[in-house]
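The block underneath contains the structure these notes are about, expressed in C-alpha cells.
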Amino acid sequence: MHLLRSLATLALVVLIFNARASSATIRYQIRLQDPQKHIFAVEMTIPKAPSGTRVALPAWNALYQIRDFAYRVRDVNAWLSSAPGSATQQLFVTKVDKQTWQLGVPADSAGKSTAGDIAVRYTIQWDDAGPFDSQLNAHHAFLNLAEVLLYVPDRRGEDTVIRFDPVPGDWKTIAELPAGPVANSFTAENYDALVDAPVEAGKFDEFEFDSGGAHFRVVVDANAYRRASLENALKRITAYQSQLMDGLPFKEFTFLFHIGPYTEVGAGGGMEHMNSTAISAGSLEGVIYIAAHELFHVWNVKRIRPQSLEPVDYTKEQYTRVLWFAEGVTNTYQNYTLERTGLWSKDAFYGDLAEQVCDLQSRPARLWQSAEESSMDAWFEKYEFYNRPDRSIWYYNKGQILGVLLDIAIRDATDNRKSLDDVFRFMNEKYAHEGKFYDDHEGVPAAVAEVAGKSFQDLFERYVFGTDEIPYSAFFGNAGLNFKLEALKTADLGFWPGKTLHGIVVSAIESGSSAEAAGVREGDSLLEINGAPFPARFSEWLHDQKPGERVKLRIRRDGEEKEIAFPLGTRTDNECRLSETDHPSEKQRRILEGLLHGSTN
C-alpha cells in the first residue's frame, strides 16, 4: 500500500517534531494502524539532507546471521522540503544495492533547492515472534528497531526521535529510552542507541522494583503467570549480580517478557541490550532461567566488549573469535547466579554441567573445531547442515564448560584466593569503565594472568585455541568433584530432522542407516511417526524408544504422501555424572565452596 498523505498532514508531522530540529534530529514515525496485515508504515525525516543522500536498512541484527531485512521493505518514496511547511517536491528513489536507496532531485529541477528536509516513507512487514525478530498483529507489536528503521550511513551519530502514531486505543508503548516530546514517543542520542532498545506495544502487564541501587521495570505479555514468583526470582538475580560486579552499570533497566508457546515454533530465547532485555519462553521457569543469562550480558559483551564488534557494521558479517567467552562464559554465570541465589539446587547445577560435557563429547567436530573457530563460524548457524555433530561444536556449550574449568584452575593455582569472578571485575574496571575494548585473542588470557599472577597460556592454547581433549577428571578433581562418563546404547532414527518455514524435514541422512535403506531421503517432509504428528521435541521422543523397534513414517515428497517403515538403529550415547568426593582435601573443599558460593579465601 502507498502512504501518500496530504501536504498539510506532512507539515503537521514536521511541526510536531520541530522542538529538536535545530540539532539536526533525525525523526521517525511508525504507524500501527493495521495490525491484521502485519505492516509497519514508517516515515523518516532527515533534516538538512542534500540531493544524493543515501538511506539503508541493516543486513543483520540480534543474531549473528545475515538476514537481509530489506527483502521485507515495500513502497519507498521520498520528498524534499526546503523549509518546514513549504511545498514539497517528490524525489527519485534509486536502489543502489539490496539494502541501500539513493534519494535524488529530478533532472528538471534546475534552479530549485537541492537541500532541505527529506521525508522518506515505506512499509515493512513483520509477524515473527520472539526476541530476535519483530512482530505486529492484533495482539501486540514488538520491534527490534534495526529490523524496521532505515538509517543514513554517514549520519548514524545524530540525535533521533521516534513516535508511534496511530496506536490502537487500548495499547500502551514501552522502551528503555527517554520519553519524547509527545505521547508514545522516545528519544535517543544516535541511531545505535535507538535500535539497541526494543519496543513493546500492547495490553501488557507491568510492575516495578528497586534492586542494587537501580530501578527495574518488568513488562509481561502472557495469558497467565505467577507474578510473585517472577518478581522474587528477578530480585534475587539482580541483587546477586549487582553484588558480584560491585554495582550495576545503569540507573534503570527494563525486562520485556513474552511467556507462551514460543519454543514450539523455534522463537524462544533472549536478546541482550545495553539497558534492557527481551526474553521469550514457554514457561515462567524458562524466562527466569534466561533472565540470569541476559542480565549478565550488561557487563559481558555489552560493556566488557571485544574490539572486533566495534564499531557495529550493519552491512556485513562482523567476525569475532571470542563468542566462547562473550556467550559461553555468560552461560557459566547464568548457572552460577541460579545456584548461588538458591533458585537452583547444587545438584541441578551439577546435572546441567554434566549434561553440557556429554553434549560436547557427543560431537565428533570437537576434535577439529576449536572454541575460537566455533565463534568465528557463528554466521553459519542458519544452515541446518552446519549444526550437525560431525560438522561443528557450539561456542555456548564449550564456552560454558571452559568458564567453570578456568574458574577451578584459577582457584587451584591461587589457593582459592582469586577466581573468575575477580577476572570479570578486573575487565570491568579496565575496559568497561575506561570505554576501551579488549583484544579477541589475547585479551582474556592477559586478564586471567594479571588477576592470578601467573600465565594460563598452556590452558588457552590447548582447550580454547586448540582442540585437545579436556581432562575432565583432573580439572573437576581439583574442586573435589568426581566425573564419570558412561557409554550407553540407545535408539537411532538414522537421520537428522530439521525445522524449516514449511515444517519439519529430513535435513541429513546417516549413510548406511536402516532409514536410508528403506528409502528415506534428504528433504522429505516429516508428517507423522507411528500415526502421531512428528514430535517437535524429537530428542525426548527418541530417548523413550529402543533399538530395533519398528517405526512407520508418513512423509511428503514432490507433492505426494507415502509411508516408510523400518527398524530403529543403534547408536552410542554418553551419560555423564558429577558428584562430590566422599573425602575431599581441605583445599578441594574450599575450592568447591568458593565455586558454589562465589567466595574466595
- Item | Net dipole in debye of the range 333-429 [+1 Lys, Arg Cβ; -1 Asp, Glu Cβ; about Cα centre; nearest 20] | 40
- Give me the aspartates and glutamates in straight-line cross-link reach of residue 546: C-alpha distance below 19 Å, same-chain residues under 8 apart excluded. 486, 492, 510, 516, 528, 573, 575
- Query: Around residue 551, which amide H atoms from residues at least 5 apart in sequence, or from another chain, sit under 5 Å from its own amide H, with H modelled in the peptide plane?
  - Reply: 566, 568
- Task: Before anything else, pin down the relative contact order of the range 433-484: Cα pairs under 8 Å, at least 6 apart, normalised by residue count, whole percent.
- Result: 16
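Among 476, 380, which comes first, second and so on when ranked by fewest other beta-carbon atoms within 10 Å?
On the way: 476 23, 380 15.
Placing the least packed residue first, the sequence is 380, 476.
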- Inter-part distance where the range 197-272 and the range 547-601 are each reduced to a Cα centre, Å: 30
- Note on the structure: Farthest towards the positive end of the dipole of the chain, among 239, 351, 328 and with Cβ unit charges of +1 on Lys and Arg and -1 on Asp and Glu, lies the Cα of 239
- Under the Karplus curve 6.51 cos²θ - 1.76 cosθ + 1.60, θ = phi - 60°, whole-Hz ³J(HN,Hα) for the range 445-459, x wherever Gly or Pro sits: x, 5, 5, 4, 5, 5, 6, 7, x, 7, 7, 10, 4, 4, 4
- Listed with the fewest Cβ neighbours within 10 Å leading, 468, 196 appear as 468, 196
- Starting from the Cα gyration tensor of the range 205-298, multiply each eigenvalue by 5, take the square root, and state the resulting semi-axes largest first in whole Å. 22, 14, 11
- Query: Once amide H atoms are placed 1.01 Å from N in the peptide plane, what residues at a sequence separation of 5 or more from residue 283, or on another chain, have their amide H within under 5 Å of its amide H?
  - Reply: 260
- Item | Options 256, 103, 548, ranked by Cα towards positive dipole end of the chain, top entry (Cβ charges) | 103
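Rounded if a/c is under 1.5, else prolate if a/b is larger than b/c, else oblate: which is the range 129-272, with a ≥ b ≥ c the root eigenvalues of its Cα gyration tensor?
oblate
When only C-alpha pairs under 8 Å and at least 6 residues apart count, what is the relative contact order of the range 148-190, in percent? Don't jump to the answer; show the numbers that get you there.
Numbers: 45 pairs, mean separation 20.3, N = 43.
With pairs under 8 Å counted, the relative contact order is 47 percent.
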- Cα gyration tensor category, rounded, prolate or oblate, for the range 494-567 with a/c compared to 1.5: rounded
- Does the range 328-452 classify as rounded, prolate or oblate by the C-alpha gyration tensor (a ≥ b ≥ c root eigenvalues; a/c under 1.5 gives rounded; else a/b over b/c gives prolate, otherwise oblate)? oblate
- With just the Cα atoms of the chain, tell me how far they stretch along each of the three principal axes, in Å, largest first. 87, 65, 44
- Query: Computed on alpha carbon atoms, what radius of gyration and Dmax characterise the range 380-421, expressed in Å?
  - Reply: 15.4, 45
- What does the charge dipole of the chain about its Cα centre add up to, to the nearest 20 debye, if the Cβ of each Lys and Arg holds +1 and the Cβ of each Asp and Glu holds -1? 1120
- What ³J(HN,Hα) values, in whole Hz, does the Karplus curve 6.51 cos²θ - 1.76 cosθ + 1.60 give for the range 378-395 when θ = phi - 60°, with x put for Gly and Pro? 3, 5, 8, 5, 6, 9, 4, 4, 4, 7, 5, x, 8, 10, 8, 9, 10, 4
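So which trypsin sites (Lys or Arg not before Pro) in the range 111-192 end up in coil per DSSP with only 16 or fewer other C-beta atoms within 10 Å?
The qualifying sites are 112.
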- Query: In whole percent, what relative contact order does the chain give with Cα contacts below 8 Å and a gap of six or more residues?
  - Reply: 10
- Item | HN-Hα J in Hz across the range 397-410 - Karplus 6.51, -1.76, 1.60, θ = phi - 60°, x for Gly and Pro | 5, 5, x, 4, 5, 4, x, 5, 5, 5, 4, 4, 4, 5
- Amide H neighbours of residue 214 under 5 Å, at least 5 residues apart or on other chains, H built in the peptide plane: list them. none
- The FRET efficiency for residue 102 and residue 229, from their Cβ-Cβ distance with R0 = 56 Å and rounded to 0.05, is 0.60
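By how many nm would the segment from residue 441 to residue 556 lengthen if fully extended, with 0.36 nm per residue of separation less the alpha-carbon distance?
On the way: separation 115, 0.36 × 115 = 41.40 nm, distance 4.74 nm.
Value of the extension gain: 36.7 nm.
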- Item | Charge dipole (the chain, unit charges on Cβ, about Cα centre) - positive-most of 53, 78, 374 | 78
- If we count other beta carbons within 10 Å of each Cβ, what is the order of 142, 257, 437, fewest first? 437, 142, 257
- So, in Å, what gap is there between the alpha-carbon centers of the range 474-534 and the range 305-374? 23
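A short reminder: the numbers here are calculations on the coordinates, not readings from a lab. Keep in mind the model is a prediction, meaning the values are calculated, not measured. Glycine also receives a Cβ, built like all others from the backbone with ideal geometry; neighbour counts cover every protein chain displayed.
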